[in-house]
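A short write-up of the structure that comes next.
The values are calculated or read from the model by the stated rules, or taken from the named source; none is laboratory data. This is a predicted model, so every value here is computed, not measured. A quick note on method: Cβ atoms are made from the backbone with ideal geometry, for glycine too, and the neighbour counts reach across all protein chains shown. Calculation scope for accessible area: heavy atoms of the full protein, side chains included, ligands and nucleic acids excluded. Shrake-Rupley method; radii C 1.70, N 1.55, O 1.52, S 1.80 Å.
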Amino acid sequence: MIARIRHGWRRHWYAYAMIAPVVLVLGVLVLYPLAYGFWLTLTDANSLNSARTIGVNEIEATYQFVGLDNYADILFGETAYDRFWSHFIWTIVWTAACVTLHYTLGLGLAMLLNQKIRGRTFYRLMLILPWAVPTFVTVFGWRFMLADEGVINAGLELLNLPTPAWLEDSFWQRFAAIMVNTWCGVPFMMVSLLGGLQSIDANLYEAAELDGASPWQRFRYVTLPGLRAVSSTVVLLGIIWTFNQFAVIFLLFGTKAPDAQILVTWAYFLGFGQQPRDFAQSASYGMLLLAILVVFTSFYRRWLARGEQQS
């Protein structure tokens, strides 16, 4: 065994040297915080019993090991529904709604821009702008427009339509969050699916048309199968990104709007938006988020592999 390791080192030392910086960076930026965060989930650490410095006084940590109590409290405690399950359900609804809108609108725009129309380059540039603009600029712009005296309510008032309290009412907060995130996420889907459409052999469409296939049949039996590889990837990425989409919710509502907070922003609120700051509970939410996404990704990839084998 040792001889094989030595032989492998002598033969591939250059490759090991090249990946060593990457491994080191990942260890410092990912593995260490992950391990430390998991340790915090096994304690009752908060801002009152953690190590801290006040002036010239250094106060040592006094938090204790509590095992899996944090997970049990989050999932099955007396306030489990208000603190976890209600946010979990909303996070699932938020993710499903946003990714569905991202994909359907992105596919529609991609198919439109894949046609030979005048000004196609200009339209592509304009439709990709929401993705190119920094997220905080986009969200702050929407926040101004959604204000009570903003442009959107002013337009609705001119049309004699109700003017919702977009940033105050729970239902409209959620509606606004989905709307803003859809605006931010559609361009990525559009560009990705447009690339997939352009990779489909045009001869397939010609053959289908000669066989008398209708536009719907060409879409169903040529376009969708041709986009399967791209679609599976962008949908998975969209689900992961949307499930962990911190920026849109936080920049739109801050730590307010408790009913509109998804799991990742609720975890931030527990760790940094209240007093005392509950580091253990916040870290536990982070571990649960990671576990949910790992399990989902595993089942999603198996489902895709099974579908490819059947086809």
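Please state the shape class of the range 14-55: rounded when a/c is under 1.5, otherwise prolate if a/b exceeds b/c and oblate if not, all from the C-alpha gyration tensor. It comes out oblate by the Cα gyration axes.
A simple rule links phi to the HN-Hα coupling: the Karplus curve 6.51 cos²θ - 1.76 cosθ + 1.60 with θ = phi - 60°, which for the range 206-213 gives 5, 5, 5, 5, 5, 7, x, 5 Hz, with x for Gly and Pro. Cβ-Cβ distance of residue 2 and residue 23, R₀ of 30 Å, FRET efficiency by 1/(1 + (r/R0)^6): the value works out to about 0.90.
Over the C-alpha atoms of the range 172-216, the Rg to Rh ratio, Rh being the Kirkwood estimate, stands at 1.30.
Scalar couplings 3J(HN,Hα) for the range 160-165, obtained by applying the Karplus form with A = 6.51, B = -1.76, C = 1.60 to θ = phi - 60°, are 6, 10, x, 10, x, 8 Hz; x denotes Gly and Pro. Just the number, please: carbon plus sulfur as a percent of the accessible area of the range 1-94, 1.4 Å probe, no ligands or DNA/RNA counted. Solvent-exposed carbon and sulfur of the range 1-94 make up 68 percent of the total. Using only alpha carbons, the range 20-86 has a radius of gyration to Kirkwood radius ratio (Rg to Rh) of 1.12. Loop-resident trypsin sites (Lys or Arg not before Pro) (DSSP state other than H, G, I, E or B) in the range 224-279 with no more than 14 further Cβ atoms inside 10 Å of their Cβ: 256. Among the protein heavy atoms, those of residue 12 account for about 90 Å² of accessible surface (1.4 Å probe, every chain in place). Subtracting the Cα-Cα distance of residue 14 and residue 221 from 0.36 nm times their residue separation leaves 69.7 nm of extension gain. For the range 224-311, the Cβ-based charge dipole about the Cα centre amounts to some 220 debye (Lys, Arg positive; Asp, Glu negative; other atoms uncharged). Dividing the convex hull volume of the alpha carbon atoms of the chain by its residue count gives 264 Å³ per residue. Normalised by the number of residues in the range 132-267, the mean separation of alpha-carbon contacts (under 8 Å, six or more apart) gives a relative contact order of 29 percent.
Taking amide hydrogens as placed 1.01 Å from N in the peptide plane, the amide H of residue 43 sits under 5 Å from those of 66, each at least 5 positions away in sequence or on another chain. Separation of the range 217-248 and the range 156-188 by C-alpha centroid, Å? Taking the Cα centre of each part, the range 217-248 and the range 156-188 sit 24 Å apart. Rounded to the nearest whole Hz, the Karplus-based 3J(HN,Hα) values (6.51 cos²θ - 1.76 cosθ + 1.60, θ = phi - 60°) of the range 273-284 follow the sequence x, 9, 10, x, 6, 9, 5, 5, 5, 4, 5, 5, with x at glycine and proline.
Under the rule a/c < 1.5 gives rounded, and otherwise a/b versus b/c splits prolate from oblate, where does the range 149-199 land using the Cα gyration tensor? Note, shape of the range 149-199 comes out prolate.
If you sort 186, 295 by accessible surface, 1.4 Å probe, largest first, the order is 295, 186.
Diffusion of the range 1-142 by Stokes-Einstein, at 25 °C in a medium of 0.890 mPa s and with Rh set to the Kirkwood radius over alpha-carbon pairs, works out to 111 µm²/s. Which of rounded, prolate or oblate describes the range 155-292 when judged by the alpha-carbon gyration tensor and an a/c cut-off of 1.5? Oblate.
For the chain, leaving out every one of the GluC sites (Glu not before Pro) that falls in a DSSP loop and has at most 13 other Cβ atoms within 10 Å, the longest unbroken run is 169-311.
What the chain shows is 63 Å² of accessible area per residue, with the surface traced by a 1.4 Å probe over protein heavy atoms. Considering only 17, 61, 154, the Gaussian network model of the chain with Cα springs below 10 Å gives its largest mean-square fluctuation to 17.
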